[in-house]
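A short write-up of the structure that comes next.
The values are calculated or read from the model by the stated rules, or taken from the named source; none is laboratory data. As the structure is a prediction and not an experimental result, all values here were calculated from the model. All Cβ positions, glycine included, derive from the backbone under ideal geometry; neighbour counts span all protein chains shown. Just so you know, the surface numbers come from the protein's heavy atoms only, side chains and all, with ligands and any DNA or RNA stripped out. Shrake-Rupley method; radii C 1.70, N 1.55, O 1.52, S 1.80 Å.
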Amino acid sequence: MRLVFAGTPEVAVPALDALIASDRHEVVAVVTRPDAPAGRGRRLVASPVAERAEEAGIEVLKPAKPRDEEFLARLREIGPDCCPVVAYGALLPKAALEIPAHGWVNLHFSLLPAWRGAAPVQHAVLAGDEITGAATFQIEQGLDSGPVYGVITEEIRSADTSGDLLTRLAFAGSGLLVATMDGIEDGTLKAVPQPAEGVTLAPKIEVEDARIEWSAPALRVDRVIRGCAPAPGAWTVFRGERLKVMSGVPAPGYEGPELAPGELAVTKKAVHVGTGSHPVELVWVQPQGKKPMKGADWARGVRIAAGERLGG
């Protein structure tokens, strides 16, 4: 089939690469978000998908909004058979959905109907799910509600961050997306409606959602730290300034003094903080305006006094 691929971030690149490598399909164009400011100089930078497409000599379309008539006209001229999508980041209007003969097919990183929305991997980690996966489905006007073509499953490991899990799903899901294109092209694959039961939503994780509540059990604190890594990053407050907690591990074997929620205990090799259950060891932190550092190094540098706490 003639394909127009839609995607934006780095996580979409493995799927684009897999489709480019396919000997059954041709990626004739790519749709991605417009260039965005990045870095200290805030200069405009192309998306990872745009950069990869340009390297491969593929036409890149960057509509401000996918309902723009100029974009829709160009898409009609190209005449794709199908438009595979991975993390494009913009809502597609009905006029765009109707152009390809086989519609737009999204690779979504959850086992639908669970975790419909922008942050399915983060919510799976935050919720303590043991199994997640990826699904390909036909895009319709509803939020990730279209019929499903295929799924793969992936175990969520005890130390997985959202970044770790998303990387694995991006590569495993790329094979699923190619297989879905193959099945649509040869007519062997039919989409199945999602069940009405089991629907959960996964809205974008906002900065305030990533604030650590030290009165929660260590298991919950651990999930927040892992679920919000690498972005937006779990955080707390120390001496009136934000402290990002990049990595931390529950320490049920902790043998120091009893700690109240948020209370800090420092040794030569580690720094622990109290929670609603057993303490958590702070492995990597990032003070406001500074580079990441080991938790123990940070604690020694700020000279924590007895009884000082995180959390304001």
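With every protein chain in place and a 1.4 angstrom probe, the accessible-area ranking of Arg157, Arg42, Arg168, largest first, reads Arg42, Arg157, Arg168.
Within the straight-line cut-off of under 17 Å between alpha carbons, the aspartates and glutamates reachable from Lys291 are Glu241, sequence neighbours fewer than 8 places apart in one chain being disregarded. Computed over the chain with a Gaussian network model linking Cα atoms closer than 10 Å, the most mobile of Glu197, Glu154, Glu206 is Glu197.
For the chain, the C-alpha radius of gyration divided by 2.2 N^0.38 Å, with N the number of residues, is 1.15.
Expected output is a single nm value to one decimal: the length gained when fully extending between Gln288 and Lys65, i.e. 0.36 nm times separation in residues minus the C-alpha distance. What is it?
Numbers: separation 223, 0.36 × 223 = 80.28 nm, distance 3.52 nm.
Value of the extension gain: 76.8 nm.
Scanning the chain for long hydrophobic helices, with DSSP H runs required to stretch 24 angstrom or more by C-alpha along their axis and to average at least -1.0 on the Kyte-Doolittle scale, returns 162-186. When the charge dipole of the chain is built from unit charges on Cβ atoms (+1 for Lys and Arg, -1 for Asp and Glu) and taken about the Cα centre, the candidate among Leu75, Ala234, Ser162 whose Cα reaches farthest toward its positive end is Ala234.
Ignoring lysines fewer than eight residues from Lys62 along the same chain, the ones with Cα atoms less than 19 angstrom from its Cα are Lys94. Placing +1 on each Lys and Arg Cβ and -1 on each Asp and Glu Cβ, with no other charges, gives the range 79-166 a dipole about its Cα centre of roughly 240 debye. Rolling a 1.4 Å probe over the heavy atoms of the protein chains gives the chain an accessible area of 49 Å² per residue. Rolling a 1.4 Å probe over the protein heavy atoms leaves Trp284 with an accessible area of roughly 100 Å².
With unit charges on the beta carbon (Lys/Arg positive, Asp/Glu negative), name the residue among Ile131, Val11, Thr153 whose Cα is farthest towards the positive pole of the charge dipole of the chain. Farthest towards the positive end: Val11.
Listed by chain and number, the lysines placed with their C-alpha closer than 22 angstrom to that of Lys204 are Lys65, Lys244; residues fewer than eight positions away on the same chain are left out. In the complete set of protein chains, residue-level accessible area for Ser277 is approximately 60 Å², probe 1.4 angstrom. In the range 175-258, taking the dipole from charged Cβ atoms about the Cα centre, the farthest positive-side position among Thr180, Val192, Ser215 is held by Ser215.
If only the Cβ of Lys and Arg carry +1 and only the Cβ of Asp and Glu carry -1, the dipole of the chain around its Cα centre is close to 1380 debye. Pull up the DSSP beta bridges for the chain and report the antiparallel fraction as a percent, rounded to 5. Around 70 percent of the beta bridges assigned by DSSP in the chain are antiparallel ones. Charge dipole (Cα centre; +1 on Lys/Arg Cβ, -1 on Asp/Glu Cβ; no other charges) of the range 93-234 amounts to roughly 180 debye. Taking every protein chain into account, the 1.4 Å probe leaves Phe171 with about 130 Å² of accessible area, to the nearest ten. When all protein chains stay in place and ligands, DNA and RNA are ignored, the 1.4 Å accessible-area order of Met181, Met293, Met1, Met246, largest first, is Met246, Met293, Met1, Met181.
Of all the accessible heavy-atom surface of the chain, with the other protein chains kept in place and a 1.4 Å probe, what percent is carbon and sulfur? Working shown, then result.
Working: 7990 of 15230 Å².
Ligands and nucleic acids excluded, carbon and sulfur reach 52 percent.
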